[in-house]
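The values are calculated or read from the model by the stated rules, or taken from the named source; none is laboratory data. Here the structure is a predicted model, which means the values were calculated and not measured. With ideal geometry, Cβ positions are generated from the backbone for all residues, glycine too; neighbour counts draw on all protein chains shown. Accessible surface areas use protein heavy atoms only, side chains included; no ligands, DNA or RNA. Shrake-Rupley method; radii C 1.70, N 1.55, O 1.52, S 1.80 Å.
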Amino acid sequence: MLDERLISEIVASVVKSTMGSPNKQKGVFPTMSEALAAVDKAYKQYRSYSIEQREKMIAKIRELTLAEAENMAKLGVEETGMGRVSDKIIKHQLVANKTPGTEDLHPTAMSGDAGLTLIEMAPYGVIGSITPSTNPSETVICNSIGMIAGGNGVVFNPHPNACKTANYAVDLVNRAILEAGGPENLVVTVENPTKESSDEMMASPIVKMLVATGGPGVVKALLSSGKKAIGAGAGNPPVIVDDTADIEKAGRDIVLGASFDNNLPCIAEKECFVFDNVADKLISSMQKNGAYLIKGDQIDKLVKTCLVEKNGKYSINKDWVGRDASKFLKAIGIEADARLVIAEVPNDHPFVYVEMMMPVLGIVRVKDIDEAIELACKAEHGNRHSAHIHSKNVDHLTRFAKAVETTIFVKNAPSYAGIGAGGEGYTTFTIAGPTGEGLTAAHSFTRQRRCVLVDGFHIV
Ligand code: NAD
């Protein structure tokens with residue numbers, strides 16, 4: 001007689017060993033060692049795929065990202081408590097529609113009497129990528145598209161506080177790759193990322209290039225790794241408004257940019273320097289467009305709420321990063337619905353010099369462009385990340401751009417125009433100022449290889 005219970009146990013164990021648990025997310029491994037072994041195998045298979053196949057996989061990633069933008073936006077806000085669902089949906093749509101694919105890879109040739117030399121953009125291999133809590137799924141998808149377009153495999157070590165969202169995106173990318181006929185586990189991650197898993201990833205001989213998107217700590221760690229590394233670090237973008245600007249529009253644009261996803265984007269306006277003679281008009285335009293002006297004691301109370309003071313220096317209270325503006329107001333006893341909190345402050349105020357990533361904008365009055373540029377450059381801390389200006393004076397635009405030396409410089413628009421939302425150009429969520437790649441895309445994740453044919457293929 002057959003023991004039915006025994007049979008069903010055997011079946012269950014066979015199914016588990018051959019297929020894994022039915023709910024298991026694709027590309028998500030319990031340990032970094034397993035993730036590394038899997039992506040190493042996948043990358044070796046991927047070497048034989050054509051550019052056309054790469055594009056099919058990327059097209060599917062775009063499709064699933066658009067279809068699941070809302071899921072990921074909700075998950076991101078739920079897991080991290082940061083940002084706004086409606087804005088996160090837009091971020092995912094931007095990633096899906098405007099992250100370059102293989103069209104970004106441009107081979108070059110040198111042809112002459114000695115024949116033809118071809119320079120092609122080859123994969124690095126397996127790339128290790130560290131991602132931030134502020135754009136968890138957006139960065140995973142954006143990096144995946146660019147890195148796959150470049151012919152690479154990817155292993156992620158996401159921010160521990162946002163790993164459910166990041167890993168959901170890794171699963172989505174793998175589902176898309178498999179549906180498009182690509183290899184299993186070309187993009188992998190760990191279930192519970194830690195400092196140890198990050199160290200293992202950085203040290204692994206399987207990983208040939210490292211990419212980090214985050215604050216100064218991670219960029220420093222990466223650059224000490226001894227490997228080719230792309231570091232996309234912190235910013236604290238100032239915005240200048242002079243008296244030639246369209247002040248109504250400047251006020252609206254600054255509220256849109258500074259409040260977008262509750263100021264989480266590294267490119268968002270984080271402090272404002274305005275000419276004294278137009279400051280009242282700018283503030284009034286901001287108020288009309290969803291900003292709430294706080295004054296005196298209210299400002300001091302908010303500083304105590306959302307910042308932490310140590311030896312006279314302020315840093316962020318992480319519990320307040322990316323929270324809704326109305327919560328900040330409530331914390332200081334104001335019941336109001338607003339997208340952004342604004343406050344007139346002196347130039348040495350923490351609302352100016354701390355990269356807060358909160359919908360709270362310090363506004364500083366200045367007498368002229370010299371003072372505006374000097375104070376804005378000081379507030380940017382030499383990060384050379386992003387800076388913005390509203391002006392119709394060509395000299396002012398040029399002088400500020402030259403002085404601040406940022407990777408992104410937006411004129412007369414919300415900051416997000418700098419990453420292709422309402423401005424020309426492609427998008428990225430990894431803006432590499434410290435290592436100089438700028439707005440990363442597929443080409444950033446390739447290495448040049450030269451192939452020389454002497455005395456042939458020069459046909460003219
Ligand atoms: P974070 O620096 O706290 O974390 C970023 C990532 O680095 C996480 O995965 C974290 O686990 C890891 N990390 C941090 N310190 C590390 C170390 N010493 N060694 C190894 N890994 C380490 O940043 P966050 O709060 O998640 O994101 C916000 C910061 O990221 C802001 O400073 C923002 O400007 C920056 N950012 C930059 C870009 C860009 O493209 N330049 C994009 C998004 C965010």
- Message: Considering only residues that are in contact (Cβ under 8 Å) with a residue 40 or more places away in the chain and part of a helix (DSSP H, G or I), which ones fall in segment 320-359?
- Response: Ala325, Pro350, Phe351, Val352, Tyr353
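It is to be established whether one or more residues within segment 2-11 are polar (S, T, N, Q) and modelled with pLDDT under 95.
Here is the first cut: in segment 2-11, the residues polar (S, T, N, Q) are 8.
From the residues that got through so far, the ones that are modelled with pLDDT under 95 too are 8.
Yes: segment 2-11 contains one or more residues that are polar (S, T, N, Q) and modelled with pLDDT under 95.
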- Query: Among (1) within 16 Å of the ligand (Cβ to nearest atom); (2) open to solvent by 30 Å² or more (accessible area, probe 1.4 Å); (3) of a type outside the set (Gly, Ala, Ser), which single condition is Leu293 missing?
  - Reply: (1)
- Assess whether Met82 counts as being part of a loop (DSSP other than H, G, I, E, B), of a type in the set (A, V, I, L, M, F, W, C), in the same structural domain as Glu179 (by TED's automatic domain parsing) and modelled with pLDDT of 95 or more. yes
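Looking at segment 192-206 only, could you name the residues that are near the ligand (Cβ under 9 Å from one of its atoms) and loosely packed, with under 12 Cβ neighbours inside 10 Å? Before you say what the answer is, go through the steps one by one.
Restricting attention to segment 192-206, the residues satisfying the condition of being near the ligand (Cβ under 9 Å from one of its atoms) are 193-195, 198-199, 202.
Hit for segment 192-206 is Lys195, nothing else.
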- Task: Write out, first by first residue and then by second, each pair whose Cβ atoms fall under 7 Å of each other, whose residues are 6+ apart or on separate chains, and whose first residue, in segment 183-204, is touching a residue at least 12 places away in the same chain (Cβ under 8 Å) and hydrophobic (A, V, I, L, M, F, W, C) while the second is open to solvent by 30 Å² or more (accessible area, probe 1.4 Å) and within 10 Å of the ligand (Cβ to nearest atom).
- Result: Met202/Ser225
- Query: If the Cβ limit is 6 Å and pairs must be 6+ apart or interchain, which residue in segment 433-450 that is free of Cβ contacts under 8 Å to residues at least 40 places away in the same chain pairs with which residue that is within 16 Å of the ligand (Cβ to nearest atom)?
  - Reply: Gly438/Thr407; Leu439/Thr428; Leu439/Ile431
- Query: Of the residues Ile299, Ile267, which single one is in a loop (DSSP other than H, G, I, E, B) and on the phi < 0 side of the Ramachandran plot?
  - Reply: Ile267
- Looking only at segment 344-388, and only at residues there that are under 24 Å from Tyr292 (Cβ atoms) and of a type in the set (Val, Ile, Thr), the one that is surrounded by the fewest Cβ atoms within 10 Å (Cβ to Cβ): Val345
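Table: residues versus (1) hydrophobic (A, V, I, L, M, F, W, C); (2) at negative phi; (3) within 16 Å of the ligand (Cβ to nearest atom).
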position	(1), (2), (3)
Val345	yes, yes, no
Met357	yes, no, yes
Val360	yes, yes, yes
Lys367	no, yes, no
Cys377	yes, yes, no
Glu380	no, yes, yes
Glu405	no, no, yes
- Query: If you take the residues in segment 310-319 that are under 18 Å from Pro265 (Cα atoms) and open to solvent by less than 50 Å² (accessible area, probe 1.4 Å), which one is nearest to the ligand (Cβ to nearest atom)?
  - Reply: Ile316
- Message: So in segment 417-450, with the set limited to residues that are closer than 14 Å to Gly257 by Cβ and surrounded by 24 or more Cβ atoms within 10 Å (Cβ to Cβ), which one is nearest to the ligand (Cβ to nearest atom)?
- Response: Ile419
- Message: I need every pair where a residue in segment 110-131 that is free of Cβ contacts under 8 Å to residues at least 24 places away in the same chain and over 24 Å from Pro216 (Cα atoms) has its Cβ under 6 Å from the Cβ of a residue that is in a strand (DSSP E or B) and not aliphatic (A, V, I, L, M), sequence separation at least 6 or different chains.
- Response: Met110/Thr117
- Message: Checking the condition among the hydrophobic types (A, V, I, L, M, F, W, C) and in contact with a Pro (Cβ under 9 Å, 6 or more places away or on another chain), which residue from Val255, Val211, Val241, Val207 passes?
- Response: Val255
- Could you tell me whether any residue of segment 214-235 is of a type in the set (S, T, N, Q), under 22 Å from the mean Cα position of the chain (by Cα), within 14 Å of the ligand (Cβ to nearest atom) and closer than 30 Å to Val360 by Cβ? no
